[in-house]
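Before any comments, here is the structure.
The values are calculated or read from the model by the stated rules, or taken from the named source; none is laboratory data. As the structure is a prediction and not an experimental result, all values here were calculated from the model. Cβ: placed from backbone, ideal geometry, glycine included. Neighbour counts: every protein chain shown. We work out accessible area using only protein heavy atoms, side chains counted, and drop any ligands, DNA or RNA first. Shrake-Rupley method; radii C 1.70, N 1.55, O 1.52, S 1.80 Å.
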Amino acid sequence: MSVIKIAPAKSLKGEVVVPGDKSISHRALLIGSMAKGVSRFSGLNHGEDVAATAQFVSDLGCETDLLGSWGSREFHVKGGMDSYRSIGRPVWAGNSGTLVRLGAGLVAGCNFTTVFEGDESLSSRPMERIIKPLRAMGADINGVGERCTLPLSVHGPTSRENELVGITWVTPVASAQVKSSILLAGLRANGATTVKEPIATRRHTEEILALAGVSVEEHMEDGFNTVTLQRVSKMEPIDLHIPGDPSQAAFWVVGATLLEGSELFIPNIYSGVARDGYLKVLGAMGANIEKEEVKSASGLKTLNLVVRSASELSSIEIQKEDIAGLIDEIPILAVAAGVANGVSRFCGLSELRVKETDRLAGIVSLLESFGVESAIEGDDLVIEGLGSKFQKPGRVESNGDHRMAMAGAIGALSVEGMGSEVETTINGWESVATSYPGFSEDIEVLTASDSITS
Ligand code: S3P
C-alpha cells in the first residue's frame, strides 16, 4: 500500500482535462464487442477498471487495437457477438463491479462458461442482485456462499432450447449496473425484456445501445422508470468520442470551490440523466459554477465548466430519491459539507455500504480525521460543517478505494495553513489508478506546487 502526504494549497488554477467517463467507457467496449464490424472510440477512460474490460472483450475473441497512448487516442474493437469464444481461464475483473455485473449479462446467453474473479474488495460485493434476474432469464449463474460473492460462474441456458427468455424485472435497488446487466442479456433473449426501476439511474447503456441502432423504449409507468428492448439480430458498429467523467470532475469542482482565488476550466464533461446531481447540490450550497453546453456528434449531453471559489458554502439536505443521481460523488460532497456553514443531511445512503468499500463508515472517519463531526443515523449521514477550512490535517485510510483517496486529497488541499506541518497522510494512494491514473500530476499542475510527497 502506498502512503503519500499532501500539503494544503492556495488555489486551483488553469484547465484540467479529466479522464473519459468510466461508465460510458465500459459500455462502449462491451456493446462495441457485440456489434458486427469495427467500432471506434476516443477518449476512453484509461484507469485499471476499463483496462480490465478491454482485456475481457479481447479475450472473448474481438480484435482490439489501441492507436497511440491509452485513453488519449483511438481504440478499435472488431466485434461480433456470434463469434465470442470461451475464455478458458477466469476473467480478472480487478476492482470493477461494472465489469462483473455487465459482463455477466453480456455472456449470460453464451453456450460456454465464463468465470469472473476480482480483488478482495470486489470479492466481497453482493452479486445476488444480478444472479436472480439472470437466472430467471434461464442463465446458469452461481456465486459463492450465502451472499453469492465472487468467483462468479456464468453459463448460458441448458434448458428451454438453450435460449434466454425475456423477463419483466422490478429492481429492488436503484442500480444502473443491475438494469444494464439485464438489458445486455435481453439482447439475446426470446421476447421482450423490461426493467422497472424505482428511481431512474444513469442511462448510458440505453444511450450506447441507441448509437448501435438498437431500439430501446423508455417511459414512466406507475412511478417506475420502465425500459424495454427486444432480441436483436444485428447491431451497428459505434463511432464515439467519450466525454469527460463527471465523477472525476466533481473532485476539482469542490476543490476550486473551497480554495480562495481559484479559477478552473473543466471542458467536455458528460452531464446527462443521473450524473449531474453534484452540480445541482453544489450550486444550491453556493458554489460558483458556470456551465456551457457543448455540441457533441454523439448527442450525449456534455458541458464545459468554469468554477471559481465561493466566499461561503451553506449546508444542504439531500433527499433519498436524489442519491442515485450523485451516488459516486457522495465522498467529495461530504468534504464540501464538512467545510460548509451548518448541519447537512444526506438521506438514504444504504447503497454506500456495498461500494468498493463501506463508504458510509469511511466518510465518517475521513471527516473525523479533519476535525469534522458526523454521524450515521439509520441510513442517513449527518455532517456538522465547520463553516471554515479544515483546522487540522487528516489521516485518511482509503482502504484501497479510489474515490475515498481522491476525496481525502481534496480535503488535504483545503486544510488551513501552509507547509509540511499541516500535511495530510493518505494510505492506499495507488488506488487512484482504478479510475484516474493522472490525478497526482493534475494536483501538482493545478496547485502550481509540489504539494505531494511520498
Ligand atoms: C455504475 C453504477 C453505479 C456506480 C458505479 C458505476 C455503472 O453503481 O456507483 O460506480 O457504471 O453503471 P450501481 O449501479 O451499483 O449503483
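Name the single residue that is farthest from the ligand (Cβ to nearest atom) among those in the range 152-208 being in contact with a Gly (Cβ under 6 Å, 6 or more places away or on another chain) and hydrophobic (A, V, I, L, M, F, W, C).
The residue in question is 165.
Going by what's in this entry, would residue 91 be described as within 26 Å of residue 297 (Cα to Cα), among the β-branched types (Val, Ile, Thr) and away from the ligand (no atom under 13 Å from the Cβ)?
no
Only one of 385, 417 is at pLDDT 95 or above and in a strand (DSSP E or B); which?
385
Given the conditions (1) open to solvent by 20 Å² or more (accessible area, probe 1.4 Å); (2) more than 16 Å from the ligand (Cβ to nearest atom); (3) not β-branched (Val, Ile, Thr), which single one is not true for residue 51?
Here residue 51 clears every test but (2).
Which residue is nearest to residue 447 (Cα to Cα), if the candidates are limited to the range 1-24 and must be within 16 Å of the ligand (Cβ to nearest atom) and either assigned to a loop (DSSP other than H, G, I, E, B) or in contact with a strand residue (DSSP E or B) (Cβ under 7 Å, 6 or more places away or on another chain) (or both)?
18
Report, by residue number, each residue of the range 1-26 that is of a type outside the set (Gly, Ala, Ser), open to solvent by 20 Å² or more (accessible area, probe 1.4 Å) and modelled with pLDDT of 95 or more.
Matches in the range 1-26: 3, 5, 10, 13, 15, 17.
One line per residue, one yes/no per condition, for (1) crowded, with 21+ Cβ neighbours inside 10 Å; (2) closer than 23 Å to residue 73 by Cβ:
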site	(1), (2)
239	no, yes
250	yes, no
259	yes, no
262	yes, no
266	yes, yes
269	yes, yes
273	no, no
278	yes, no
281	yes, no
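Can you pull out every residue in the range 145-176 that is in a loop (DSSP other than H, G, I, E, B) and either open to solvent by 40 Å² or more (accessible area, probe 1.4 Å) or aliphatic (A, V, I, L, M) (or both)?
Scanning the range 145-176 gives 145, 146, 147, 158, 159, 163, 164, 167, 172, 173, 174.
Against the definition (in a loop (DSSP other than H, G, I, E, B), farther than 21 Å from residue 30 by Cβ and more than 16 Å from the ligand (Cβ to nearest atom)), how does residue 236 come out, yes or no?
So residue 236 does not fit the description; no.
Starting from the range 306-327, keep only residues that are on the phi > 0 side of the Ramachandran plot, then list their pairs with residues that are away from the ligand (no atom under 14 Å from the Cβ) whose Cβ atoms are within a distance under 6 Å, requiring at least 6 positions of separation or different chains.
The qualifying pairs do not exist here.
Look at the range 134-169 and say how many of its residues are closer than 23 Å to residue 90 by Cβ, out of contact with any Lys or Arg (no Cβ under 8 Å at 6 or more places or on another chain) and either among the β-branched types (Val, Ile, Thr) or without any contact (Cβ under 8 Å) to a residue 24 or more places away in the chain (or both).
So the count comes out to 11.
It is to be established whether one or more residues within the range 386-408 are open to solvent by 20 Å² or more (accessible area, probe 1.4 Å), without any contact (Cβ under 8 Å) to a residue 24 or more places away in the chain and more than 10 Å from residue 7 (Cα to Cα).
Checked against the condition, which is being open to solvent by 20 Å² or more (accessible area, probe 1.4 Å), without any contact (Cβ under 8 Å) to a residue 24 or more places away in the chain and more than 10 Å from residue 7 (Cα to Cα), the range 386-408 yields no hits at all.
Quick check on residue 58: is it more than 16 Å from the ligand (Cβ to nearest atom), in contact with a Ser or Thr (Cβ under 8 Å, 6 or more places away or on another chain) and assigned by TED's automatic domain parsing to the domain that holds residue 440?
no
Any residue at all in the range 35-43 that is open to solvent by 30 Å² or more (accessible area, probe 1.4 Å), in contact (Cβ under 8 Å) with a residue 60 or more places away in the chain and part of a helix (DSSP H, G or I)?
No, the conditions are met nowhere in the range 35-43.
Which of (1) outside the structural domain of residue 181 (by TED's automatic domain parsing); (2) in contact with a His (Cβ under 7 Å, 6 or more places away or on another chain) does residue 264 not meet, given it meets every other one?
Looking at each condition in turn, residue 264 falls short on (2).
Which of the residues spanning the range 340-383 are without any contact (Cβ under 8 Å) to a residue 40 or more places away in the chain, under 16 Å from residue 403 (Cβ atoms) and open to solvent by 10 Å² or more (accessible area, probe 1.4 Å)?
Result: 353, 358, 361, 364, 365.
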